[in-house]
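Shown next, in structure tokens, is the structure this report addresses.
Every number here is computed from the coordinates shown, using simple stated rules; none is lab data. Computed from a predicted model, the values in this text were never measured in an experiment. Methodologically, a virtual Cβ is constructed for each residue, glycine included, from the backbone with ideal geometry; neighbour enumeration extends over all protein chains shown.
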């Protein structure tokens, strides 16, 4: 019986991703070297940088496909990525080749015309690092420079591959492996330097961004985004200046400020812009007692790409205490404002305000909220600082229901800017959260979420009326925003939050995928939906477009996952399901079909029995422990989205000894299941088991959550 339970445990808690076999078959053609001039030119036959070009506008000059004929768009080909986990990658296209990543950082090289696989590369990442991935084992794609492809891995490596064969040229570690760092962002290449940041602020690290020589992998410079321990000396005067905005012993938990996603580059000004993340812990009263701006948290920072030298910064949320990152997509543009041409950088970060900043100097130009917010009334025009609502700083006060929450008014999903319409297209959302201090007091635990807030406040209520009321507050939309007038031009409401990134084109079109398993095109000026395609699983990634042989193609990577799906995809179903992720490529007149969906066989589960020792007090303790340590992956109320095993029905919960081996001894650490030894005691582990069993025996199941087992066309 014990052997059977262990076998079931491995099956139940194993990671669902399927890894393709590595292959290094040559593309049989030479690769035209990619240069800065090529990226700046942004040829319509290619998609050479994460945001299309260095400006990150994600707007194409192509217009063969337009609002008048988009209804004729059809599927040309699809490529199975072999995973049912989250896909967030933007494909790179060059010389008729497409390079895209899937779960666990596997790189695929495809024929962009047919979808035929040319080679794939599996970096064989250390799956133990999944324990440190706050928001799924995702990544946002590769970079190309010269004849090389660059990919960064969840376990902190930066790797250069031969674009023709997929063979490794160099492989360097960019992080301190003794700290809970991860990498999910896509590299950028500027002046022969591969730029990459990292994540891990929730778990307690110090953020930085680094530059590595594209030929050798040698580190050229590193720019820290927050200061370290003053007793050890500062790396430069910039860190000394930043330290003056901190208090207490912030360095003990790292300080945070991880640069985990957005970057942009102005070749004329020769400035690299880096978006900086949240504090560690979130709660500023713990991180920096006495307040302070805590530079460079939640900031856009401009540095010199040759040296990493600081030039200027603008901070969107001074003294941030809500996980209000400024790592969201940044766009460079030149526009006329009040009669004068301005070189601007635009961002819609988590905090709910849309910012227009002078990218030469960092001077504040304007800001306005693009979704409802209740943490600040407005941004002061003279100072460029938010005018905060007093109760929003929750330390020492009653818990505060706030918009936006930590998922943000806009998360990592890229936006786009069309010079044709003058509008920015934002994947906006409304997702509240309840912030509050930990009643029992905060204690730092290495390798765990150290937010300094009581996570159980943010868990959804269990009574039906309140649950439904909060669910109705969740919203998602495609928002067209006028950055000069700072107001909405139009919006299109989706079924909920966590929808995909945006592409706009000169054909008066805007493309976006949605969490309810659709990909659609909209009129860029009016927001009218012109075309819609059922994708079988949700889309979070951003589309691209390119032209080959006189035909325009549109491609997008599908794959349902990420922070929202892991935490709330079960209890707040979007209409998608954990079906296979793919690259989908469309063109006019095509009539390809996806394989038919097969409805999963219904399995009858035997519910675990509440044991006599599982008292109300123990279950309550388990609720708090689960919220802090388990819910971000296994789902609110112990009800999984399906991407991660459903603990309620796992045989592991029925056997205390097996549970202990998995949770406290790392039985499945190699598969990505954290080993909590030294991070909680046996009593807490047993309390969490009691909580999970209690939830399994609740009256909240499929009917309560309106679960959709398969998406509908």
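Things worth noting here:
- Exposure proxy for 650, 698, 613: other Cβ atoms within 10 Å of each Cβ, ordered fewest to most, give 613, 698, 650.
- Under the shape rule built on the C-alpha gyration tensor, where the axes satisfy a ≥ b ≥ c, the range 312-446 is prolate, since a/c reaches at least 1.5 and a/b is greater than b/c.
- Each residue in 88, 488, 604 was given a count of other beta-carbon atoms within 10 angstrom of its own, and listing them fewest first yields 604, 488, 88.
- Histogram of C-alpha separations across the range 39-152, 5 Å bin width, %: 2, 10, 18, 21, 19, 15, 9, 4, 2, 0, 0
- Annotation for residue 607 and residue 377: the two label points, set 7 Å from Cα along the Cα-Cβ direction, are 5.1 nm apart.
- Here the label points at residue 218 and residue 336, each 7 Å from Cα along the C-beta direction, are separated by 5.0 nm in the simple model.
- With the convex hull drawn over the C-alpha atoms of the range 477-599, the volume per residue is 121 Å³.
- Cα gyration tensor of the range 57-98 - equivalent ellipsoid semi-axes, whole Å, descending: 24, 16, 12
- Spin-label model, residue 704/residue 247: points 7 Å from Cα along the beta carbon direction are separated by 4.3 nm.
- Normalising the Debye intensity of the range 123-192 to I(0), with uniform scatterers on Cα atoms only, and taking log10 at q = 0.22, 0.27 Å⁻¹ returns -0.95, -1.26.
- Kirkwood estimate for the range 612-660, i.e. one over the average of 1/r between Cα atoms, Å: 11.6
- When the range 268-317 is reduced to its Cα atoms, the Kirkwood hydrodynamic radius in Å: 12.0
- The equivalent ellipsoid that matches the C-alpha gyration tensor of the range 316-377 spans semi-axes of 23, 12, 10 angstrom, in descending order.
- Mean sequence separation of contacting Cα pairs (under 8 Å, at least six apart), scaled by the length of the chain, corresponds to a relative contact order of 14 percent.
- Debye log10 I(q)/I(0) at q = 0.17, 0.18, 0.21 Å⁻¹ for the range 576-673, Cα point scatterers: -0.95, -1.03, -1.30
- Rg over Rh [alpha-carbon atoms, Kirkwood Rh] for the range 104-146: 1.06
- Computed as a quarter of the hull surface, the mean projected area of the alpha carbon convex hull for the range 36-588 stands at 22.8 nm².
- For the range 268-384, the equivalent ellipsoid derived from the alpha-carbon gyration tensor has semi-axes of 24, 18, 11 Å in decreasing order.
- Annotation: average projected area of the range 373-489 is 10.4 square nanometres, based on the convex hull of Cα atoms across all directions.
- In the chain, the DSSP-assigned H stretches of four residues or longer account for a calculated mean residue ellipticity at 222 nm of -3500 deg cm²/dmol, using -39500 (n - 2.57) per stretch and the full residue count as denominator.
- Once the Cβ-Cβ distance of residue 35 and residue 616 is raised to the sixth power relative to R0 = 60 Å, the FRET efficiency obtained is 0.35.
- Computed over the range 28-101, Kirkwood Rh from alpha-carbon pairs, angstrom: 14.6
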